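Participant: Dropping a structure here in structure tokens format, bear with me for questions.
The values are calculated or read from the model by the stated rules, or taken from the named source; none is laboratory data. On a predicted model such as this, the values are computed, not experimentally measured, just so you know. Positions of Cβ are backbone-derived with ideal geometry, glycine not excepted, and every protein chain shown enters the neighbour counts. The area values use the complete protein model at the heavy-atom level, side chains included, leaving out ligands, DNA and RNA. Shrake-Rupley method; radii C 1.70, N 1.55, O 1.52, S 1.80 Å.
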Amino acid sequence: MAFDIERFTQDSVRVNWEDLDLDNFRENPLPPETLRTLRYMCDVEYHTVCYLRDMLVTRSHGEGEVNAFMTMWNREEFWHGEALAHVLSLHGVTVNYDQLKDRRKKLGWRDRLAPVKQSLLSNIVGKDFVAVHMLWGAANEWSAAAAYKRLGVLEGHPSLAELLRRIAAQESRHVAFYATQAKARLAGNPKAQKLARFALKNAWAPVGSGIMTDDEVTHVMGHLFGGTEGRKEINAIDRHIGRLPGMEGLTIFADALDARGVAA
Ligand SMILES: [Fe+2]
Ligand SMILES: [Fe+2]
């Protein structure tokens, strides 16, 4: 596995949807459970900038390739949010910044404290923090790629499937970066492996858990990853993680579904 950061920064473009026939949603709208899932995904994509803020106060800031990657990554995620907001707008659902700001305000001290907490943690842990950040990022990007692919299959709407395929392709490049970094930083470093394993096992939760309500998290997990086919996707992510140095046998995704009562 190798990741060419220069190529990534040069090739990175915003996701396009102008050529897709999305207007037919006006006659054939998506069902409510899909709109609810899209709304969740949209909010989480827009939240990337806050996550970036939290990471810029850590040791990850200043790591050359990580800086370059996070700059382009944040831009790509922002446009994922814009694309999904466009689909939602065709269904009369408006996602505006004031609502997002309101939600963050409701997070209150948790949101305000996040950068401080990350900064302190990163200073205590030192350079191994970056390995944990990269592993965490890989897990989340794997799940993002799987979620978009799965929604495309579930919905079977040609234009939506194509938009989600384009987004998933970008998520897969994010996976490649984080997983390559995580592998390199964990390899031959038992201390980092121990710390990363502990963090995933005890602190990790599905993307969006900190900003969306529990009900919303459970809805999205059940909608996308419930049933036999959904569980297959989730097990595949756990296997990807388990192949990284020191992560053998971790099943954080399957455990998260079980904990939320999402049946296989
Ligand atoms: Fe994204
Ligand atoms: Fe991503």
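Participant: Where only protein heavy atoms count, and the probe is 1.4 Å, what is the accessible area per residue for the range 21-259 in Å²?
Facilitator: With the other protein chains kept in place, the range 21-259 gives 46 Å² per residue.
Participant: Computed from the mean reciprocal separation of all distinct C-alpha pairs, what Kirkwood hydrodynamic radius does the range 124-258 have, in Å?
Facilitator: It is 15.4 Å.
Participant: If you build the convex hull over the alpha carbons only and average its shadow over all orientations, what do you get for the range 21-259? Give it in nm² to one decimal.
Facilitator: 12.4
Participant: Further question: For a quick protection proxy, order the peptides 16-23, 127-134 by their average other-Cβ count within 10 Å, most packed first.
Facilitator: Result, highest mean first: 127-134, 16-23.
Participant: Rank Ala263, Asn202, Tyr178 by how far each Cα sits towards the positive end of the charge dipole of the range 163-264 (+1 on Lys, Arg Cβ; -1 on Asp, Glu Cβ) and give me just the farthest.
Facilitator: The Cα lying farthest towards the positive end belongs to Tyr178.
Participant: With a 1.4 Å probe and all protein chains left in place, how much of the accessible area of the chain comes from carbon and sulfur atoms, in whole percent?
Facilitator: Reported share for carbon and sulfur atoms: 55 percent.
Participant: Going highest first, how would you order 213-226, 75-88 by mean Cβ packing within 10 Å?
Facilitator: Averaged packing, sorted descending, gives the order 75-88, 213-226.
Participant: All other residues with a Cβ under 11 Å from the Cβ of Ile234 taken together, and with Lys, Arg as +1 and Asp, Glu as -1, what is their net charge?
Facilitator: Around Ile234, the charge tally is -1.
Participant: Also, I was wondering about something else. What is the magnitude of the charge dipole of the chain about its Cα centre, with +1 placed on the Cβ of each Lys and Arg, -1 on the Cβ of each Asp and Glu, and no other charges, expressed in debye to the nearest 20?
Facilitator: Value, rounded to 20: 1160 debye.
Participant: Cross-link list Lys127/Lys183; Lys117/Lys149; Lys149/Lys232: which exceed 23 angstrom alpha carbon to alpha carbon?
Facilitator: Beyond 23 Å between Cα atoms: Lys117/Lys149.
Participant: Around Asp255, what is the net charge, scoring Lys/Arg as +1 and Asp/Glu as -1 over all other residues with Cβ under 13 Å from its Cβ?
Facilitator: Once positives and negatives cancel, what remains is +1.
Participant: Hey, what number do you get for the chain at 222 nm if only DSSP H runs of n ≥ 4 count, each worth -39500 (n - 2.57), divided across all residues, to the nearest 500?
Facilitator: -24000 deg cm²/dmol
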